[in-house]
Amino acid sequence: MPARPFRPTPLAALWVLCFLGSFLWSSSAVAQPPPMLSSGESGLTLTSLPPILEQADIRKQLDTGLTTTFLIKVTGRDPSGRSLQGGARVQIRYELWDEIYQLASQDLAGNIHRGNFSSFAALKEHWQELSLEVIPLAAGTPPAQQSRLKVELDVIPFSRSEEQDTRRWFSESTERSGRSNAENARKVSEERSETLGEVFNLLMATSIRRRAIMDFHWQVPISRNSTAGAKKGRKGDP
Amino acid sequence: MSRWWPPLILAVVLALSAALVLHLFHRQAADSWLAFGSHPETLEILEQSLEDQKILAVVDPERRAEYRRRFDRVQTLLQRLTILEHSREQLARRYELILLAVFGGAMLITVGYMVRRARNEERRLERLGSALGDLAAGKTNLHLGERSRDSLGRIARMIEQTSRRMARDRRRLRSLENLSSWQEAARRHAHEMKTPLTGARLELERLNGFLDREDKRDEARQAARGVIQELDRLGSFTQEFTSFARLPRPSIKKIDLDAMLAEFVGIFEAAWPNLQLEHQPADLPSITADRDQLRQVLVNLCDNASLAIEGDGRQDGKVTFSSRLERDHVLLNVTDNGPGVDPTLQERIFEPYVTTRVIGKGMGLGLAICRKILLDHGGDLELLPEKQPGAVFRLTLPLRPPTTI
């Protein structure tokens, strides 16, 4: 019996495309192991954050002295189909004068944690031991086990206050240069050009925005962990 | 509008080309500007400065606070430049967007202005064209309301000036014509009155010589009849003049025009020995007219035709009556085969005292009376220019009576 020649059906082609797409989509996650999501009585806790601080780009970013923000977003559905959303924020700033790393984290349960670390190794260790209650559950809600949630992590290179400060500085710098250029112009045209210049500076300055320089995402299964929340509130090195 | 498209399209193409050039080169300019701020050497020197301040603080602990302040300042600057470097792409994109928006806005305003201007000039040209048409149609005292000082405004003012000049010339001409008409009327009146008066005076003088002589009784009676004839002649002149001045109002009734024309031809076929009357019947609705006045008009037209043909020394004259219906009136053409009307007189033929006859043979009031009659009927009397030789007079007769008589 002669072998049938292979003819790709539309369904097969769709499967291949889906596979390639999911492979490419998850390529960034391949480099980093996923964090862990465990359900406890109070909610879902994210632990074992991947060692992304070691990455060269992030290390370089940390050493600039700017406040690097790690935004964590968790989304998915519980077994009853209800939408789940949660997240946490971790900010790390390297104090260049004192040469210490300052870390501040806050989760959706309202837990705030601060710590100073004298070495990068200590920071890295603490990072991996962080425990963040990303989705606090109301009393009586069954833990969302046997399902996977999407965990996204965005690396934002500077804080909102630093953004505002740079915008202000940028506007003032360009206004000063505009004013000196207009010194020889007539008074009326000077006023007009100043007004237009202010509008221009405002439009330019507002384009300075916080945007993620890196992002990671994983599909993380929920596991039952009796020790969840035990590490919460651990302090860093003084 | 079509003649405005080429420059408009050219302007748009030029503007788009300029936008393209700007788009190609402004990004480079924006990048250079940003690169100047975040130059690697600048950042390196600032980083070195940070290290220096820290070393100085160790070497000279007494001024540690000062070095710390300097350190903070340099660090802040370095961080701002780093943030700028992070936002470089966004800044460049915003810069591009602003430039394109400004340029696009300027282009839209320019195109809008050009379109508006083109439409405005198109309207002005249409107004000028319409004004020139009015001028060609003989309208005067035109007012275009153009105040601009451009070429179209100047042309508009020239049209207004021309129309004013035409009005002035027309008034002057009318005045001269009236004067001329009155002179002619006075001359004719004087002659028409003087001729019978002179005749009557001569007859009276002759009669005076016969009064005491029995044997001249017959001559006296003859002279008396002569006086009466001359006075009758004066009376008939006065009557004609009075009939023009006091033309009675028409007594409007429905008339079957075909029947009336047939009757007219039957009655008057022997009235003018040198004329043959012909009626071409048509199936027409009734008209509204004063039968006697309409007959007076027809008699007058036939009389004129007869005299004109007689002046040519011919006996084969013919007058044809043909009519047709047109909308709400009937057109009756009275056509003769005479010599026609002198072209120089055609425009004034219906004015009083305009005649080709010698003095003493008519006052030139006949056609003026005829036209007045038809105007009183709500119709008109015209001389059609197309037939030469011969003349065609067109009578316009309304189907319904005029609203005001």
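Taken together, the values in this text are just the output of simple stated rules run on the coordinates, not laboratory data. This structure is a prediction, so every number in the text was calculated from the model and none was measured. Neighbour counts are summed over all protein chains in view; Cβ atoms, including those assigned to glycine, are modelled from backbone coordinates with ideal geometry.
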Suppose every K and R has +1 on its Cβ and every D and E has -1 on its Cβ; what is the size of the dipole of region B:188-245 about the Cα centre, in Debye to the nearest 20? 120
Please give the charge dipole size of region B:249-405, origin at the Cα centre, charges +1 on K and R Cβ atoms and -1 on D and E Cβ atoms. Round to the nearest 20 debye. 380
Region B:253-398: equivalent-ellipsoid semi-axes (sqrt of 5 x gyration tensor eigenvalues, Cα, Å): 24, 18, 14
If a paramagnetic tag sat 7 Å from the Cα of A:Gln32 along the Cα-Cβ line, which residues of region A:112-136 would have the backbone N under 14 Å from that point? A:124, A:127-130
Per 10 Å bin, what percent of the C-alpha pairs of chain B does each bin hold, from zero upward? 4, 12, 14, 12, 10, 8, 6, 5, 5, 5, 5, 4, 4, 3, 1, 1, 0, 0
Please determine, in degrees from 0 to 90 and to the nearest 10, the orientation of helix B:366-376 with respect to the longest principal axis defined by the Cα atoms of chain B, where the helix direction is its Cα long axis. 60
Taking 0.36 nm per intervening residue step and subtracting the Cα-Cα distance, what contour gain separates B:Thr110 from B:Leu135 on full extension? 5.3 nm
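Taking every pair of Cα atoms in region B:266-311, average 1/r, invert it to obtain the Kirkwood radius, and report Rg/Rh to two decimals. Please report the intermediate quantities before stating the final value.
Numbers: Rg = 12.5 Å, Rh = 12.2 Å.
So for region B:266-311, dividing Rg by the Kirkwood Rh gives 1.02.
From largest to smallest, what semi-axes in whole angstrom does region B:217-322 give when each is the square root of 5 times an eigenvalue of its alpha carbon gyration tensor? Each step should come with its number before you reach the end.
Numbers: eigenvalues 231, 90, 27 Å².
The three semi-axes for region B:217-322 are 34, 21, 12 Å.
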Spacing of the two label points (7 Å from each Cα toward its C-beta) at B:Arg174 and B:Gln315, in nm: 4.9
Two pseudo-spin positions, 7 Å from Cα along C-beta at B:Ser251 and at B:Ala270, lie apart in nanometres by 2.8
List the aspartates and glutamates whose Cα sits under 18 Å from the Cα of B:Lys194, skipping any in the same chain fewer than 8 residues away. B:Glu184, B:Glu203, B:Glu205, B:Glu230, B:Asp232, B:Glu240
The helix B:217-245 Cα axis meets the longest alpha-carbon principal axis of chain B at an angle in degrees, between 0 and 90 and rounded to 10, of 20
How far, in degrees from 0 to 90, does helix B:151-210 lean away from the longest principal axis of the Cα atoms of chain B, to the nearest 10? 10
Leaving out same-chain residues fewer than 8 places away, which aspartates and glutamates sit with a Cα under 18 Å from that of A:Lys150? A:Asp78, A:Asp107, A:Glu133, A:Asp215
Compute the orientation-averaged projected area for region B:188-245 from the convex hull of its Cα atoms and round it to one decimal in nm². 3.8
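Which whole-number percent of Cα pairs in region B:2-136 have a distance greater than 22 Å?
Of the Cα pairs, 65 percent sit more than 22 Å apart.
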Using Cα centres only, tell me the gap between region B:218-234 and region B:57-81 in whole Å. 148
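Arrange A:His126, B:His143 by Cβ neighbour counts within 10 Å, fewest through most, would you?
Values: A:His126 22, B:His143 11.
Fewest-to-most Cβ neighbours within 10 Å comes out as B:His143, A:His126.
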